[in-house]
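The values are calculated or read from the model by the stated rules, or taken from the named source; none is laboratory data. Since the structure is predicted, the reported quantities are computational estimates derived from the model, not experimental observations. Glycine also receives a Cβ, built like all others from the backbone with ideal geometry; neighbour counts cover every protein chain displayed. Note: accessible area is taken over every heavy atom of the protein model, side chains too, but ligands, DNA and RNA are not part of it. Shrake-Rupley method; radii C 1.70, N 1.55, O 1.52, S 1.80 Å.
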Amino acid sequence: MNTIKYLVGSEDVLDLPFEPYSEKVCTFLTVLSDILMKDIETRKYSDIVSFAFWCRKANIIGKKNEWNKRGEKRLGRGLVFHIAPSNIPINFAFTYIFSLLAGNANIVRVPSKEFPQVTLMCQIMKELLEEYPEINSRTAFVQYPSNDEITEQFSREADVRVVWGGDNTITKIRAYPAKPKCIDLVFADRYSICILDGQVIEEEDNIGLKKLAENFYNDTYLIDQNACSSPQVIFWKNTSDEAKKRFWEAIFEYSKPKYKLQEASCVDKYMKLCQDAINIPELKKKNQIENLIYHIELEKLPLNITSLRGSCGYFYEYNLNRYEELLPILTEKFQTITYYGVDAVEIQKFLIENHVKGIDRIVPVGKSLDIDVIWDGYDIISMLSRIIEVK
């Protein structure tokens with residue numbers, strides 16, 4: 001345990017719960033939002049700005065009012081141990097505040113990899129929490145190298161374990177001993193897709209097309225397609241070659257001055273293309289715009305489509321005639337559909353009528369990373385709190 005670095009808080013975490021959306025927590029988050037919005041350094045990072053925007057007073061009050069309509073009396077479950085993903089810098093802050101809003105004390109393992117966003121957030125939170133001793137005493141942000149003994153110890157102490165990670169990580173954590181009533185809330189490795197209407201894109205004006213390119217960039221290039229909600233396959237409806245050309249050229253024009261493509265990534269993308277050419281019989285055609293964009297056309301949909309994963313601007317695409325073509329591939333592994341030009345309610349109706357086990361979110365292009373208290377089909381605040389019932 002001596003290798004643990006406490007970035008915020010200490011090892012003496014008070015595990016007493018309080019009510020969801022307590023006034024002290026709501027006030028803390030709105031003050032935090034104001035500080036982050038005004039800080040020159042934090043405003044350099046779009047993910048911190050998005051976090052600060054979520055914590056703004058209007059959003060927190062709105063969430064609280066919706067929660068209060070339930071009329072339930074609840075308390076948090078106690079101590080929550082979080083394992084944040086290693087590849088999404090600001091996720092550790094979201095998982096913390098969701099649990100805090102639910103009324104819990106928290107030990108959060110932040111990524112071991114150094115991210116400037118993590119450093120900035122921890123510095124600001126540490127200073128602010130000194131003004132909120134009740135929350136400070138229930139908070140610890142920890143950082144330590146891979147160590148099963150440390151993780152197992154935190155796991156034993158927890159009333160809830162929240163795990164963001166791959167399937168292997170989740171299986172490993174679940175194998176650690178836990179309290180009899182401990183709840184595991186897991187956010188496993190998921191897969192996401194995008195559905196675009198080619199006719200709408202072909203008819204879109206230049207301003208609308210540029211905005212679409214910006215939104216698509218934010219879903220994908222901004223985090224190198226690492227998020228589970230980042231689309232890997234682009235499904236085209238009502239499309240033409242001209243529509244595709246217009247779309248990809250707009251992505252290129254927007255991305256080129258913004259995205260810093262590393263030389264190693266260029267090599268990795270080319271190697272992946274060679275491997276796909278050998279291993280994917282459904283591959284129809286390779287399209288490329290310099291080294292920035294590879295978009296690989298599929299003639300058929302492979303049943304193991306979740307194995308098709310790109311990064312740094314490597315995408316797959318398929319012409320979709322009917323939504324029914326998706327049924328053989330939509331497993332519980334699927335999380336998000338982003339869309340543009342198509343009817344989201346129609347997609348929702350299709351999923352429900354066909355009893356699809358996968359897909360928890362249908363959001364416009366540009367909104368794939370907009371995390372909220374409903375995520376992966378979970379009502380997180382409800383999951384992390386308990387009802388005090390009176391009959």
Next on the checklist: Need one number: the % of Cα-Cα pairs in segment 300-368 sitting beyond the 17 Å mark.
Outcome noted: 47
Checklist outcome for this item: At R0 = 25 Å the Cβ-Cβ FRET efficiency linking Q275 and K113, nearest 0.05, sits at 0.45
Checklist outcome for this item: Among I61, Q262, L222, the residue whose Cα sits farthest towards the positive end of the charge dipole of the chain (+1 at Cβ of Lys and Arg, -1 at Cβ of Asp and Glu, taken about the Cα centre) is I61
Next on the checklist: Accessible area of the chain with a 1.4 Å probe: how many percent of it is carbon plus sulfur?
Outcome noted: 49
Item to check | Backbone HN-Hα couplings from phi across segment 249-265 [Karplus 6.51/-1.76/1.60, Hz, Gly and Pro as x] | outcome: 5, 5, 4, 4, 4, 6, 7, 4, x, 9, 8, 9, 7, 6, 4, 4, 5
Item to check | Relative contact order, percent, the chain [alpha-carbon distance under 8 Å, six or more residues apart] | outcome: 18
Checklist entry - Rounded to the nearest 5, what % of the DSSP beta bridges within the chain are antiparallel ones? => result 25
Item to check | Set K211/K269; K300/K333; K211/K285; K38/K349; K5/K44 screened for pairs whose C-alpha atoms are more than 31 Å apart | outcome: K38/K349
Checklist entry - Angle between the Cα long axis of helix 148-157 and the longest principal axis of the chain, 0 to 90 degrees, nearest 10? => result 60
Checklist entry - What does the charge dipole of segment 216-330 about its Cα centre add up to, to the nearest 20 debye, if the Cβ of each Lys and Arg holds +1 and the Cβ of each Asp and Glu holds -1? => result 60
Checklist outcome for this item: When the charge dipole of segment 78-194 is computed with +1 on Lys and Arg Cβ and -1 on Asp and Glu Cβ about the Cα centre, the Cα farthest towards its positive end, among I97, F141, V163, belongs to V163
Checklist entry - Which residues' amide hydrogens lie under 5 Å from the amide hydrogen of V108, considering only partners 5 or more residues apart or on another chain, with H built in the peptide plane? => result H82, A140, F141, V142
Checklist outcome for this item: Out of M271, T338, I380 - ranked by how far each Cα lies towards the positive end of the dipole of segment 271-391, with unit charges on the beta-carbon of charged residues - the top one is M271
Checklist outcome for this item: Share of Cα-Cα pairs in segment 226-360 beyond 20 Å, whole percent, is 49
Next on the checklist: From the phi angles alone, apply the Karplus equation (6.51, -1.76, 1.60; θ = phi - 60°) to segment 310-324 and give each ³J(HN,Hα) in whole Hz, x where the residue is Gly or Pro.
Outcome noted: x, 7, 6, x, 10, 10, 10, 8, 8, 7, 9, 7, 9, 4, 4
Checklist entry - Using mean Cβ contacts within 10 Å as the protection proxy, how do 26-34, 99-107 order, highest first? => result 99-107, 26-34
Next on the checklist: Which residues does the label zone of V356 cover in segment 226-267, counting backbone N under 15 Å from a point 7 Å along Cα→Cβ?
Outcome noted: 231-237
Checklist entry - How big is the gap, in Å, between the Cα center of segment 4-39 and the Cα center of segment 125-193? => result 16
Item to check | C-alpha center-to-center spacing [segment 316-378, segment 205-260] in angstrom | outcome: 18
Next on the checklist: Is there a quick way to get the dipole size of segment 123-266? I mean about its Cα centre, with the Cβ of Lys and Arg at +1 and of Asp and Glu at -1; what is the value in debye to the nearest 20?
Outcome noted: 320
Checklist entry - Just how many % of Cα pairs in the chain lie over 41 Å apart, if you round to the nearest whole percent? => result 18
Checklist entry - Relative to the longest principal axis of the chain, what angle (0 to 90°, nearest 10) does the C-alpha long axis of helix 23-38 take? => result 50
Checklist outcome for this item: With the convex hull built on the alpha-carbon atoms of segment 146-301, volume per residue in Å³ sits at 172
Checklist entry - For the pair V345 and T27, how long in nm is the line joining their label points, each one 7 Å along Cα→Cβ? => result 4.3
Next on the checklist: Considering all projection directions equally, how large on average is the shadow of the alpha-carbon convex hull of segment 196-238, in square nanometres?
Outcome noted: 3.1
Checklist entry - Residues of the chain: accessible area per residue at 1.4 Å, in Å²? => result 48
Next on the checklist: With N set to the number of residues, divide the alpha-carbon radius of gyration of segment 1-64 by 2.2 N^0.38 Å and report two decimals.
Outcome noted: 1.38
Checklist entry - Dipole size in debye (nearest 20) for the chain around its Cα centre, Lys and Arg Cβ +1, Asp and Glu Cβ -1? => result 540
